[in-house]
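Q: Pasting a structure below so you can have a look.
The values are calculated or read from the model by the stated rules, or taken from the named source; none is laboratory data. Treat the numbers as computed from the prediction; the structure is a model and nothing was measured. In this analysis, Cβ positions are derived from the backbone assuming ideal geometry, glycine residues included, and neighbour counts consider all displayed protein chains.
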Amino acid sequence: MSNRVKFAVVGLGHIGKRHAYEISQNDNAKLVALCDILDPQELGLTSDEVPFYRSLSDLLAAHPDIDVINICTPNGLHASQTLEALEAQKHVVVEKPMALNKQDAESVILKALQVSRKVFAVMQNRYSPSVKWLKQIIAEKRLGRIFMVQMNCFWNRDDRYYKAGGWHGSPDMDGGVLFTQFSHFIDILYWLFGDICNIKGNFGNFAHQHSTSFEDVGSIIFDFVNGGMGSINYSTTVWDKNLESSITIIGEKGSVKIAGQYMDKLAVCHIEGYDMPELEAINPPNDYGSYKGSASNHCHVIDNVVQTLNGSTKVATNAFEGMKVVDIIERIYRVRGASESVNR
């Protein structure tokens, strides 16, 4: 593909606008269309330079030359809209989560194979310097056998986030905090250490009973299929602002800990025969006004799409990996469902 890769963005909330911006900043990409059910004025769009559509079907009909559709709509629409774009022979960038259940994610994988198109699952935290460094030292086996991994994700999501009439907090469109807030961290665990099994957990909804139908606190323990054990403690009940996203790894030859609000600070590095490195600067978090999300690495996501379609690299997070994150979360939530049944 010698020409610029042509993109369209579907869903123009905070993250969709980020996709549109990063596409416009890439010299080898071109933003050719936008789509949302709301009017441009309601979305705060001030320019009419890019054609705007109210439905994905209208957009696809009007622009047969589009190469890539970026799906940035509420979680519950990701799978169906990805399938619609694939049916139209388009490559797809789909925001996390790829789907809200494994069966829908598998349908996406099958359709992508049938039409010979690529699906890019957005997991931009893989580009964070701290996570890239962890991936490197684990691949180099500097820690030896992994004995224990602990991940903590303590964030703020209050009534500024769960607004009446919005999709956040609903089981069919949101799916739960592991899908919406913390799927990036589930992806990091899977990317670094592989699949998990023997899952046990405890869950509660303390501060959001009036605004969500799912938990706002969870504590999970499990085994890694490849050896060692792990745990995840997470919450969206932190007052006012995000508190911590951290991972501690205890291995045969050393221990490391990445901490900070966004897993961006190397807090501990004590490894046999290895000096603590200085990591490159991290991008700031996505700032949504009243709350903040993970690091803003979407420029790398768009660049990976462009380079992959131009044949110079491969998909950074493929559809199978996107499906595995959904699968792991779904299995965790089965444990939650079982515990709720026992407690009734």
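Q: Residue by residue through the stretch 260-291, note down the ones that are modelled with pLDDT under 85, among the charged types (D, E, K, R) and more than 19 Å from Ile15 (Cα to Cα).
A: Glu280
Q: Can you pull out the residues in the stretch 138-173 that are assigned to a loop (DSSP other than H, G, I, E, B) and hydrophobic (A, V, I, L, M, F, W, C)?
A: Looking only at the stretch 138-173, we keep the residues that are assigned to a loop (DSSP other than H, G, I, E, B), and these are 140-145, 155, 157-173.
Matches in the stretch 138-173: Leu143, Trp155, Ala164, Trp167, Met173.
Q: Continuing with the same structure: Could you tell me whether Gly218 is closer than 27 Å to Ser128 by Cβ and modelled with pLDDT of 95 or more?
A: Working: closer than 27 Å to Ser128 by Cβ: yes; modelled with pLDDT of 95 or more: yes.
For Gly218, the condition - closer than 27 Å to Ser128 by Cβ and modelled with pLDDT of 95 or more - is met.
Q: Further, regarding this structure: Identify all residues within the stretch 292-334 that are under 20 Å from Glu215 (Cα atoms) and either at pLDDT 95 or above or in contact with a helix residue (DSSP H, G or I) (Cβ under 7 Å, 6 or more places away or on another chain) (or both); write none if there are none.
A: Val325, Val326, Asp327, Ile328, Ile329, Glu330, Arg331, Ile332, Tyr333, Arg334
Q: Same structure, new question: Looking at the stretch 28-49, can you tell me whether even one residue there is in a strand (DSSP E or B) and of a type in the set (Ser, Thr, Tyr)?
A: Here is the first cut: in the stretch 28-49, the residues in a strand (DSSP E or B) are 29-35.
So of that shortlist, the ones also of a type in the set (Ser, Thr, Tyr) come out as none.
No, the stretch 28-49 has no match at all.
Q: Consider Val9 against the criteria (1) without any contact (Cβ under 8 Å) to a residue 60 or more places away in the chain; (2) of a type in the set (A, V, I, L, M, F, W, C); (3) part of a strand (DSSP E or B): it satisfies all of them except one. Which criterion is unmet?
A: Result: Val9 fails condition (1) only.
Q: Restricting to the stretch 58-107, and then to whatever is of a type in the set (S, T, N, Q) and more than 17 Å from Thr180 (Cα to Cα), can you tell me which residue is surrounded by the most Cβ atoms within 10 Å (Cβ to Cβ)?
A: Going through the stretch 58-107, the residues of a type in the set (S, T, N, Q) turn out to be 70, 73, 75, 80-82, 89, 101, 103, 107.
Then keep just the ones that are more than 17 Å from Thr180 (Cα to Cα); that gives 70, 80-82, 89, 103, 107.
Working: Asn70: 31, Ser80: 16, Gln81: 19, Thr82: 29, Gln89: 13, Gln103: 12, Ser107: 18.
My answer is Asn70.
Q: Scanning the stretch 4-57 for residues that are under 21 Å from the mean Cα position of the chain (by Cα) and basic (Lys, Arg), which turns out surrounded by the fewest Cβ atoms within 10 Å (Cβ to Cβ)?
A: Lys17
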